[in-house]
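The values are calculated or read from the model by the stated rules, or taken from the named source; none is laboratory data. Quick caveat, the model's predicted, so the values are computed rather than measured. Cβ placement follows ideal geometry from the backbone for every residue including glycine, while neighbour counts extend to all protein chains displayed. We work out accessible area using only protein heavy atoms, side chains counted, and drop any ligands, DNA or RNA first. Shrake-Rupley method; radii C 1.70, N 1.55, O 1.52, S 1.80 Å.
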Amino acid sequence: MDIKKVAVLGSGVMGSGIAAHCASAGLQVELLDIVIDDAAPDKLAEGALAGLKKSKPALMMHESHLKKIRTGNLRDHLDRLKECDWVVEVVKEDLKIKQALYERLETVLKPGAWVSSNTSGIPLKLLVEGRSAAFRGRFVITHFFNPVRYLRLLEFVKGPEVAESEAAGFREWLEVALGKEVVPAFDSPTFIGNRIGIHGIMSVLHLALKENIPFEVIDSVLGEAAARAKSASFRTADLAGVDIMAATAKNVYDLCPNDEVRDTFKFPELLQWMLDTKLLGNKTKQGFFKKDKAPDGKKLFLSLDPATKTYKPQEKKDWPLLKELKGIDEPVERVRALFTSDTEAGRLAWRCVADNLIYAVNRLGEVTDLPLNVDRAIRNGFAFELGPFELWDALGVDRVVARLRYEERPVPALVEQMLAKGVTSFYRMEYGVPVAQLDPATLSMVPVLEDKRILILKREEGRGKVIAENSSAQLIDVGDDVACLSFRTKMNALDDGIVMLMEDAVQKHIPGKFKGLIVGNQGKVFSAGANLVFVLNAAKDKQFDLIEEAARRLQFAARGLTYAPFPTVSAPFNLVLGGGCEVTLACQATVGFAETYMGLVEVGVGVIPAGGGCLQMLIRMEDAMKAKGELGPMPKVKAAFQFIGTAHVNTSFDEAQRNGYFRRTDTRVMNHAHLLHDAKQRVLAMAADFKPVEPRTFRLPGLGGETALKLAVKDFQLQGLASEHDAIIMGELAHVLCGGDVSLVQDVTEERILELERQAFARLCGYEKTQARMDSILTKGKPLRN
């Protein structure tokens, strides 16, 4: 599959989102829409492009990708499609409009080009009526979820005229090039994700109204406590748009007359009133919830009161169970604790999900054929940790059935048949990974094929591939003589255990036994930083020698990754902050996930990087400035000072690479599931022609540069943009980056920079205001500016 150029027809919310994602993936994009103004025929598409520039959260991975999108209109520029390998239609949900457009497309399409529709309500067989065999043979439905950049689900529907081998190739390209979780769906109204997901939201809406349960109370038990997105149900509706949720529910109600619980999708009076009065969620700044300000300026979070149709302060339930669940990281353990708890919170949570568990089972054979397709759709379309069938198995199918019977709820016929045949789960697991799933047609288990592009550490651990481990980290043999250092602390924060295993891996376990090392893991984040609790406690006890020694050990371990006599490749993803950023920068190469949010944020807690971060930023900025032709001691220092001093967090791999955090030779992976596999391939490629990293020395500006930077900070103080303590921190940072007391003609070694940064770190830990910043992050989760 070789797709280089894409046409997106329709520039609304979904069309512009698809165009943005394709451009971010490196494709050339034609964005066309209808003409509504003869004087400005490209008005709609150009307006959409302007909207992409201002979108928050950003729909583009970097603003430079905007130049890959060319705007136009469907009247004058349809001939551009002759150069496009894929045309995706995102016009109004009107069958006649779509069919008329397809008729025009047939005359201009490039031979062999794919055509797809983003429809979620019109059957594929109706869309292609009257089209040629060649057109039908390359036409599919590709249903993206909004926002396209952040939700991985793409539901894929093909007709009988499309060859399965061709469809498989297209699906694989969508997974690799766009990073999508491509789930095959049947040609049924709203497909998988929305059919089951919107049922869940509508079901709890009816429950809330019937029993007068505040929306925020239901959300409190259906968020992270239930291994779901933090936005739970009603907050999710506000985020997506109450009108979008309602339109999907109406589609199901109108198009599925035989649905056994059709009335669940019927609008209650409150929902219709919300639509009529434009309470549509975030887009209108009020929906089920609303933000306001108290007289003292503090934020107020209000909830819609269905009885009075006014907003009132949210009701907070002090349920101990919800506090306990925050300490359970494993989603299966968490949902078991929640849904089996005989407490008010546990009973409410169960009542909120029971009907949806039943509904999901009853959709097999209608929306798709296998349980895993449903679970993948719900996980990736709604940001759940577990799909409905995974939840059935986590709670125990027989136990769920017993509870349904006790409560006189209907038990799905398929589940009755399973139990009658002695089948008590939807999956067969090995090492925490599904290896087989139920085939509803035969009531037998069919294999879940192992994808060679997906390296699962849990599976390798179960196969006995652990080389060494402690409570904080594991070193795992991932095959082909490559090892992976995986963190497993809370938020993968760096601690003594991780540093110790990092040292042992480089010095003892890898040399002469493996070709190289990946530093990566499969937690929720790569690493949110270092263990701040240890630092704060040591600072309060005035154990500054201990703090400096801890910094020295992290520096030593990170330096080992840089100068190892074998390839070291970092595989960062999601949050890569503080110490996690330092470890990533220390590796010889990086294969990173496109959604990497990376930065040295230490100034936010009153210190500066001390695990080699200052050194690595000097190295990276020296290379970046040299590429721009900016030579001399000061440009690299100014760039590093700005990024570290503002605690800048890059919001994508692309931004981090353009800012110099990643090398030009570092590579991006669009699909998170492929990250460790691709990192492994990079290790093998480097090992075939390995060249060790050479230490470097620096020419730094010394006291003159330090003074200049401090004067700049003083200006910020005078403008009220920096506090006195900010100036102290920036002064220490300037001292380190400028090399201390050196002359312009004096070489500064890497060892000297490391010494300066750990000394400055320990000094800053002694300030009460630094300790207050640390305490605020740990206790309130918020930065303190003091």
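All other residues with a Cβ under 12 Å from the Cβ of LEU419 taken together, and with Lys, Arg as +1 and Asp, Glu as -1, what is their net charge?
On the way: positive: ARG399, ARG405, LYS421; negative: ASP398, GLU416.
It works out to a net charge of +1.
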Portion, in percent, of the accessible area of the chain that falls on carbon or sulfur, probe 1.4 Å
53 percent
Please give every one of the lysines within straight-line cross-link reach of LYS638, meaning a C-alpha to C-alpha distance under 23 Å, and leave out same-chain neighbours fewer than 8 residues apart.
LYS626, LYS628, LYS710, LYS714
Net charge, ARG152 excluded, C-beta distance under 11 Å - Lys, Arg +1, Asp, Glu -1:
+1
Computed ³J(HN,Hα) along segment 411-422: with the Karplus parameters 6.51/-1.76/1.60, θ = phi - 60°, integer Hz and x for glycine or proline, the list is 9, x, 4, 4, 5, 4, 5, 4, 5, 4, 8, x
Compute the label zone of SER743 within segment 696-714: residues whose backbone N is under 18 Å from the point 7 Å along Cα-to-Cβ.
698-706
On Cα atoms only, tilt of 397-406 relative to the major axis of the chain in degrees:
50 degrees
Where a ≥ b ≥ c are the square roots of the eigenvalues of the C-alpha gyration tensor, would you call segment 577-634 rounded, which needs a/c under 1.5, or, failing that, prolate if a/b is larger than b/c, or oblate?
oblate
Rounded to the nearest whole Å³, what is the per residue volume of the convex hull around the Cα atoms of segment 115-196?
83 Å³
Of the listed pairs LYS312/LYS780; LYS53/LYS782; LYS680/LYS782, which have alpha-carbon separations greater than 27 Å here?
LYS53/LYS782; LYS680/LYS782
Table column - 3J(HN,Hα) (Hz), segment 232-239, Karplus curve with 6.51, -1.76, 1.60, x for Gly and Pro:
6, 9, 6, 5, 4, 4, 5, 5
Whole-number percent relative contact order across the chain, with pairs defined as alpha carbons under 8 Å at least 6 apart:
8 percent
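Let me check I've understood the local charge: for PHE186, count other residues with C-beta under 9 angstrom from its C-beta, Lys and Arg +1, Asp and Glu -1. What total comes out?
It works out to a net charge of -3.
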Is the C-alpha gyration tensor of segment 345-494 telling us rounded, prolate or oblate? Criteria: a/c under 1.5 is rounded; beyond that, a/b larger than b/c is prolate, otherwise oblate.
prolate
Debye log10 I(q)/I(0) at q = 0.16, 0.21 Å⁻¹ for segment 516-591, Cα point scatterers:
-0.63, -0.92
How far is helix 344-363 tilted, in degrees, relative to the longest principal axis of the Cα atoms in the chain, given as a value from 0 to 90 rounded to the nearest 10?
60 degrees
Toward the positive end of the charge dipole of segment 114-168, about the Cα centre and with charges on Cβ (Lys, Arg +1; Asp, Glu -1), which of VAL115, PRO160, ALA134 goes farthest?
VAL115
State the percent of C-alpha pairs, over all pairs in segment 627-786, separated by a distance greater than 21 angstrom.
61 percent
For segment 585-590, Karplus couplings with θ = phi - 60° (6.51, -1.76, 1.60), whole Hz, Gly/Pro x:
5, 6, 5, 6, 8, 9
Could you sort out which of LYS230/LYS309; LYS98/LYS158; LYS82/LYS180; LYS515/LYS691 sit more than 19 Å apart by Cα distance in this structure?
LYS230/LYS309; LYS82/LYS180
CYS256: accessible area at probe 1.4 Å, nearest 10 Å²?
10 Å²
Counting only protein chains, not ligands or nucleic acids, how are MET617, MET686 ordered by accessible area (probe 1.4 Å), most first?
MET686, MET617
If you average 1/r over all unlike Cα pairs in segment 132-259 and invert the result, what Kirkwood radius do you get in angstrom?
16.6 Å
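So what is the 222 nm mean residue ellipticity for the chain from helices alone, if each DSSP H run of at least 4 adds -39500 (n - 2.57) and you divide by all residues, rounding to the nearest 500 deg cm²/dmol?
-13500 deg cm²/dmol
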In segment 235-307, lysine pairs with alpha-carbon atoms under 19 angstrom apart (chain gap of 8 or more, or interchain)
14
Mind checking the angle between helix 613-627 and the chain's longest principal axis? C-alpha axes, 0 to 90 degrees, to the nearest 10.
80 degrees
Cross-link partners of LYS54 among aspartates and glutamates (Cα-Cα below 18 Å; sequence separation of 8 or more within a chain):
GLU46, GLU63, ASP654, GLU655
Using only the heavy atoms of the protein chains and a 1.4 Å probe, how would HIS21, HIS206 rank by accessible area, largest first?
HIS206, HIS21
Give me the accessible area per residue for the chain, probe 1.4 Å, as a whole number in Å².
43 Å²
Semi-axes (Å, rounded, descending) of the ellipsoid equivalent to segment 441-577 per its C-alpha gyration tensor are 32, 19, 12
Amide hydrogen neighbours beyond the local backbone of ARG75, cut-off 5 Å, H modeled
VAL35
Tell me the volume per residue, in Å³, of the convex hull enclosing the alpha carbons of segment 666-751.
170 Å³
Quick one: grab the alpha carbon gyration tensor of the chain, order the square roots of its eigenvalues as a ≥ b ≥ c, and give me rounded if a/c is under 1.5, else prolate or oblate depending on whether a/b is larger than b/c.
prolate
Probe 1.4 Å, all chains present, heavy atoms only: PHE662 accessible area in Å², nearest 10, is 10 Å²
Which Rg and Dmax, in Å, describe the Cα atoms of segment 234-311?
14.7, 54
At a threshold of 8 angstrom on Cα-Cα distance, excluding pairs fewer than six apart, so keeping six or more, what relative contact order does segment 410-529 reach in percent?
18 percent
